[in-house]
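*Asks:* Got a structure for you, written out below as C-alpha cells; questions coming shortly.
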C-alpha cells in the first residue's frame, strides 16, 4: 500500500518537471503491417518541445501504441535541445535552412506581427518563445524534413553576444 503512494508522489514530481517544457505534436503517423491474423498497426510521432525561453528540441519515436510513441519522441527531444537566439520576441536576422528538398526561410518581424508560419515551423517558434516571425517553406513539404530544415536555420543563427565576443567588441559597440 505504502509503495503505491511513493509511486504516485514520484509521478507528481515528474509532471512538475515536465511542465517546464511546452510539448507540440507535429505529426502522428499510423502504419499497417499485414500479418496472418489481420493488420498490425504501429505509430510514429514527431514532437517538438521548448521552454519558451530560447531552448527547443525535436524527437521522433516509433511504437505499437500512440502514447508510447509520443513518450519516446519526447525523450529524444529532450536529448536534442538547442539554443534559439531570441531578441525582443523575434529572431536576430534573416536566415535560410535546408534539409534534403525542404527549404525554410525565416525573417525577423516587428512587434505585433505574430508568428506567420505553417504547422511545423509554427510549433518550433512557439515552443522556443518567439512571438513575431515571418517564414516561408519552399520545396518538399514533408513535416520531418521541414522540422530538420528549421533546426538547420537555428543552428546557423548567430547570437549578438557571441559575435561581439568574437570581434572583441562590446554589445553596445556592435549595435551602435
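*Asks:* For the stretch 83-167, what is the relative contact order in percent, using Cα pairs closer than 8 Å and at least 6 residues apart in sequence? Walk me through the numbers before you get to the answer.
*Replies:* Values: 163 pairs, mean separation 32.2, N = 85.
Over the stretch 83-167, the number comes to 38 percent.
*Asks:* Rounded, prolate or oblate: which fits the stretch 83-167, taking a ≥ b ≥ c as square roots of the Cα gyration tensor eigenvalues, rounded meaning a/c under 1.5, else prolate when a/b beats b/c?
*Replies:* Note, shape of the stretch 83-167 comes out oblate.
*Asks:* Still on this structure, I have one more. Measure nothing but the geometry: give the 0 to 90° angle between the long axis through the Cα atoms of 66-79 and the longest principal axis through the Cα atoms of the chain, rounded to 10°.
*Replies:* 40
*Asks:* Sticking with this one: Nearest 10 degrees, 0 to 90: what angle lies between the long axis of helix 119-128 and the longest principal axis of the chain (Cα atoms)?
*Replies:* 70
*Asks:* Which of 89, 139, 59 moves most in a GNM of the chain, Cα contacts under 10 Å?
*Replies:* 139
*Asks:* Tell me, 116, 154 in order of fewest to most beta-carbon neighbours within 10 Å?
*Replies:* Least to most surrounded, the residues fall as 116, 154.
*Asks:* Hey, another quick one. In deg cm²/dmol and to the nearest 500, what is the mean residue ellipticity at 222 nm of the chain if only DSSP H runs of at least 4 residues count, each as -39500 (n - 2.57), divided by the residue total?
*Replies:* -12000 deg cm²/dmol
*Asks:* So, one more: Once you've got the GNM for the chain with C-alpha springs shorter than 10 Å, pick whichever of 126, 23, 75 has the biggest mean-square fluctuation.
*Replies:* Fluctuation is largest for 75.
*Asks:* For each of 49, 74, 124, count neighbouring Cβ atoms within 10 Å of the residue's Cβ, then give the residues from fewest to most. Could the numbers behind the result be given before it?
*Replies:* Details: 49 26, 74 20, 124 31.
Least crowded to most crowded, the residues run 74, 49, 124.
*Asks:* With Rg and Dmax of the Cα atoms in Å defined as stated, name the option among (1) 17.6, 63; (2) 14.8, 41; (3) 19.5, 71 computed from the structure displayed.
*Replies:* Of the listed options (1) 17.6, 63; (2) 14.8, 41; (3) 19.5, 71, (3) comes from this structure.
*Asks:* Another question, if that's okay. Students often get this wrong: which residues of the stretch 63-84 have the backbone nitrogen under 17 Å from the point 7 angstrom along Cα-to-C-beta of residue 41?
*Replies:* Taking a point 7 Å out along Cα→Cβ of residue 41, the residues of the stretch 63-84 whose backbone N falls under 17 Å are 63-71.
*Asks:* Something else now. 7 Å from Cα along Cα→Cβ at both residue 81 and residue 62: what's the point-to-point distance in nm?
*Replies:* Computed distance between label sites residue 81 and residue 62 equals 2.8 nm.
*Asks:* For the stretch 117-176, what does the relative contact order come out to in percent, with C-alpha contacts under 8 Å and a separation of six or more?
*Replies:* RCO, the stretch 117-176: 28 percent.
*Asks:* On full extension of the chain, what length is gained from residue 100 through residue 171, given 0.36 nm per residue of separation minus the C-alpha to C-alpha distance? If you can, show how the numbers build up before the last one.
*Replies:* Numbers: separation 71, 0.36 × 71 = 25.56 nm, distance 3.60 nm.
Extra length from residue 100 to residue 171 when fully extended: 22.0 nm.
*Asks:* Which order do 110, 153 fall in if you start with the one that has the fewest other Cβ atoms within 10 Å?
*Replies:* 110, 153
*Asks:* Now for a different question. How high is the FRET efficiency from residue 22 to residue 155, r the C-beta distance, R0 22 Å, rounded to 0.05?
*Replies:* Using R0 = 22 Å, I get an efficiency of 0.60.
*Asks:* GNM on the chain, C-alpha springs below 10 Å: top fluctuator among 44, 142, 73?
*Replies:* 142
*Asks:* Over the chain, what is the relative contact order in percent, taking alpha-carbon pairs closer than 8 angstrom and at least six residues apart?
*Replies:* Working: 361 pairs, mean separation 31.9, N = 176.
That works out to 18 percent.
Quick note: the coordinates plus some simple rules give every number you see, no bench work behind them. Predicted model, so just to flag it, every value in this text is computed and none were measured. Cβ sites come from the backbone with ideal geometry, for glycine too, and all protein chains shown count toward neighbours.
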